[in-house]
Amino acid sequence: MGTGFILHVPRVGKNGGGMNRLILESKHSSNACFYNSHSTLSITTHRNVISSRSIHRKLSIRAVTSAPTDGSNTVLTSEESESKPVKLPTNDSSPELLKIRHTTAHVMAMAVQRLFPDAQVTIGPWIENGFYYDFAMPEAFVEEDLKKIKKEIDRIIKANLPLRREEVSREEAERRIKEINEPYKLEILQSIKTEPITIYHIGDEWWDLCAGPHVETTRKLNAKAISLESIAGAYWRGDEKNAMLQRIYGTAWENPDQLKQYVRMKEEAKKRDHRVLGQKLDLFSIQEDAGQGFVFWHPKGAMIRQIIEDFWKKQHVEAGYEFLYTPHMANLDLWKTSGHFDFYQESMFDQMEVETEQFQIKPMNCPFHCLVYKQGLKSYRDLPL
């Protein structure tokens, strides 16, 4: 939502008695408090009452939710809600953590190629809570393989292998890549525009094209602070026309305590997963028969959604915004004129033909708003828009 909200759902007592309160916290001047006492739900702000409705079935919300707004990872359990949350470092706040994750990705790729000599490496970056690496392999990874790969990672860490940076010419890099038959590395090399080409070695056995940064030796990694999490498929370069690769996701931290906290944070997040809570509380369902990801709002969920939408609209009206309602699609020529078709074509739905005309589902509203603004004469008194 444009105004920015956090929904706090206080814990309901074992007996379900008393008044339950949901607080919708706005970044702006007022908060909305949702009170559920038996069959009546009312919503108030610090200034006045917004609406009051009857609910035939009492909302049974038993989770504690909280979301940090500063981008940090915060562990908050129901038992700890009264104490200070534990903050985990991020790639931005800890340069050392970023190096740990980057190096762990390389060590994992080295372990994979030790165990699966036919595996070809592609890319392996750090991400928000860890890292991943994509591999081209004749056979698919299975969950049991993750345990084997983790054991090999532990052996590489224990060996205390040095990480060494090397600069080579484009021609030398190409020669080495062809020598080990790594076609994906060759394509990556061709996309690198600058020279010299930088390579990072792990000991004398393994290397990859990389600009760094990395830790000095593999012993700088803590084997007990690393976990391989999941296997997924990924198209090369994100293009479904290309080969399907196998991606291994992992996480790495500075010490085992941070890993434990991260695992606990994920477990708590699962409890607050909207896909789980939505069905558990009978708020909504996702009907695969209708299409993947399509949400069907049930009566209680529709009520909550309506309340939040009403509050959102009220805040915008008070801030001076006005509302428009426009069609969900338009003639394809409009999107070509606005430039949206050329720029967003790859991400837009296919066109549909209606009585020999081509129509396009809207990717956004701005061309429609421009058409509305074109209606009638305008004066400088209409500014600002």
Given Cβ charges of +1 for Lys and Arg and -1 for Asp and Glu, the option among Val107, Tyr235, Ala173 whose Cα lies farthest towards the positive end of the dipole of the range 95-253 is Val107
Cα-based Rg then Dmax for the range 291-385, in Å, read 17.6, 48
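For a Förster distance of 30 Å, can you work out the FRET efficiency between the beta-carbons of Glu309 and Lys87, rounded to the nearest 0.05?
Approximately 0.35, to the nearest 0.05.
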Rounded to the nearest Å, the spacing of the alpha-carbon centers of the range 312-330 and the range 243-258 is 43
When Tyr200, Tyr344 are arranged by how many other beta-carbons sit within 10 Å of their Cβ, fewest first, they go Tyr344, Tyr200
So, relative contact order of the range 146-282 in percent, Cα under 8 Å, 6 or more apart, is 21
Taking 0.36 nm per residue of separation between Arg275 and Val142 and subtracting their Cα-Cα distance, the length gained on full extension comes to 45.3 nm
Whole-Å distance linking the alpha carbon centroid of the range 349-385 with that of the range 212-233 is 50
Footprinting proxy, His340, His274, His106: sorted fewest to most Cβ within 10 Å, the residues are His274, His340, His106
Per-residue Cβ contact counts at 10 Å, fewest first, order Cys370, Cys210 as Cys370, Cys210
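Across every pair of different alpha-carbon atoms, what Kirkwood hydrodynamic radius in Å does the range 95-253 reach? Please list the in-between numbers first.
Details: mean 1/r = 0.0631 Å⁻¹.
By the Kirkwood definition, the hydrodynamic radius is 15.8 Å.
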Ranking Gln292, Ala319, Ala269 by how far each Cα lies towards the positive end of the charge dipole of the range 255-352 (+1 on Lys and Arg Cβ, -1 on Asp and Glu Cβ), the top one is Ala269
Label model pair Cys370, Met348: point-to-point distance (7 angstrom along the Cα→beta-carbon line) in nm is 1.2
The simple spin-label model distance between Lys378 and Phe296, using points 7 Å out along Cα→Cβ, in nm, is 4.4
So, relative contact order of the range 329-382 in percent, Cα under 8 Å, 6 or more apart, is 38
Beyond 19 Å (Cα-Cα) in this structure, taken from Lys313/Lys378; Lys158/Lys224; Lys99/Lys224, we find Lys313/Lys378
Stokes-Einstein D for the range 210-296 (20 °C, 1.002 mPa s, Kirkwood Rh from Cα pairs), in µm²/s, comes to 127
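We did not get these values from a lab; they are worked out from the coordinates using the rules stated. Being a predicted model, the structure only gives us computed values, none of them experimental. Note that we place each Cβ from the backbone using ideal geometry, even for glycine, and neighbour counts take in every protein chain shown.
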